[in-house]
Amino acid sequence: MTGKVYLVGSGPGGLGLLTCRARDVLDSADVVLFDQLPGEEILTTLPENAELIDCGKYGGMHLREQEEIEALMIAKAREGKQVVRLKGGDPFVFGRGGEELEVLRDAGIKVELVPGITSAVAVPGAVGIPVTHRSCASQVTILTGHEDPTKPESALDWNLLAQSRGTIVILMGVKNLPLIAQSLVENGKNPKTPVAIIERGLRKDQRVTTGPLEQIGEIAAERKVAPPAVIVIGEVVSLYREGEPWLIPL
Ligand code: SAH
């Protein structure tokens, strides 16, 4: 019997946002290598005899190096096992799924991608913020806020981002939010552009913070905004209504 690796997206929240394919694949898994984000609810529903391997990041420290995770997947698949690599959201949206696909392919391992609902779209959506809108956002840019925007070697062009119309969605951006907001304003983005930060989206303790681009860094610090959070910058944020019951029941 030959093994196989499934790169599976768990979606942004609890069990309800897992796809049917992801559920099937998890139910027949021999080994599940999981990240921090998929959430404990899903982990309690895995087959009793499945081997669970924690690959999360805690307090900024990776429990396992990427190379170790990849080597484990390859070794387990070569033992003939059904291996699930479970990631939050979609595996190919800032999930290192692309890197893992390449390594597995090079090792001659069979791979299947099971897409997931990405937090970049679903988390704003759940609080009533559509990332596109016919009247004010014909494009959406999803970027990582992990990089310090003041570093000259930044892979992101902040000038271009500031000029572009439409919605900017930032993942992993809480720590650098003040610098990101400042870079966008310095590069010409309207300082009054509305911003929303959704912490722990689609979880019971989700929280939304809003404010204009020029003040959002300060507001976030005051409210002690913490990861995981999705940041949305653009006119679509004005569709958010505070106090409205969540559009998706949690
Ligand atoms: N592959 C994932 C993203 C991984 S990067 C996806 O498609 O959703 C991790 C970042 O995703 C976090 O830092 C945060 O910005 C965002 N994120 C994921 N789940 C989230 C949630 N439930 N609420 C808020 N942000 C979330």
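Points worth noting:
- Within the range 56-83, the residues that satisfy the criterion of being open to solvent by less than 20 Å² (accessible area, probe 1.4 Å), of a type in the set (A, V, I, L, M, F, W, C) and more than 15 Å from Gly95 (Cβ to Cβ) are Ala77, Val83.
- Taken over the range 22-40, residues that are within 15 Å of Gly9 (Cβ to Cβ), open to solvent by 80 Å² or more (accessible area, probe 1.4 Å) and within 16 Å of the ligand (Cβ to nearest atom) amount to 2.
- Options Gly80, Gly13, Gly60; residue that is outside the structural domain of Val123 (by TED's automatic domain parsing), in contact (Cβ under 8 Å) with a residue 12 or more places away in the chain and within 14 Å of the ligand (Cβ to nearest atom): Gly13
- Residue in the range 60-74 that is at positive phi and either among the β-branched types (Val, Ile, Thr) or assigned to a loop (DSSP other than H, G, I, E, B) (or both) present: yes
- Sole exception among (1) closer than 15 Å to Leu171 by Cβ; (2) touching a residue at least 40 places away in the same chain (Cβ under 8 Å); (3) not in a loop (DSSP other than H, G, I, E, B) for Gly95, by number: (3)
Quick grid of which residues meet (1) in the same structural domain as Arg23 (by TED's automatic domain parsing); (2) open to solvent by 20 Å² or more (accessible area, probe 1.4 Å); (3) away from the ligand (no atom under 16 Å from the Cβ); (4) not β-branched (Val, Ile, Thr):
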site	(1), (2), (3), (4)
Glu102	yes, yes, yes, yes
Ala107	yes, yes, yes, yes
Lys110	yes, yes, yes, yes
Pro124	no, no, no, yes
Ile129	no, no, no, no
Thr132	no, yes, yes, no
Ala137	no, no, yes, yes
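- Inter-residue pairs, beta-carbon under 6 Å, first in the same structural domain as Val230 (by TED's automatic domain parsing) and in the range 160-178, second basic (Lys, Arg), 6+ apart: Ala162/Lys189
- Selection of the range 112-122 for residues being out of contact with any Ser or Thr (no Cβ under 9 Å at 6 or more places or on another chain), closer than 24 Å to Ala71 by Cβ and within 16 Å of the ligand (Cβ to nearest atom) yields only Leu113.
- If the condition is being outside any helix (DSSP H, G or I) and touching a residue at least 24 places away in the same chain (Cβ under 8 Å), then the range 98-125 contributes Ala107, Ile109, Lys110, Val111, Glu112, Leu113, Val114, Pro115, Gly116, Ile117, Thr118.
- One residue from Glu235, Glu186 being modelled with pLDDT of 95 or more, surrounded by fewer than 18 Cβ atoms within 10 Å (Cβ to Cβ) and either of a type in the set (Ser, Thr, Tyr) or closer than 17 Å to Ala137 by Cβ (or both): Glu235
- Scanning the range 189-217 for residues that are more than 13 Å from the ligand (Cβ to nearest atom), open to solvent by 30 Å² or more (accessible area, probe 1.4 Å) and over 17 Å from Glu242 (Cβ atoms) yields Asn190, Pro191, Lys192, Glu214.
The values are calculated or read from the model by the stated rules, or taken from the named source; none is laboratory data. Keep in mind it's a predicted model, so treat the numbers as computed, not measured. All Cβ positions, even for glycine, are placed from backbone atoms using ideal geometry, and neighbour counts span all protein chains on display. Surface accessibility is based on the protein's heavy atoms, side chains included, excluding ligands, DNA and RNA. Shrake-Rupley method; radii C 1.70, N 1.55, O 1.52, S 1.80 Å.
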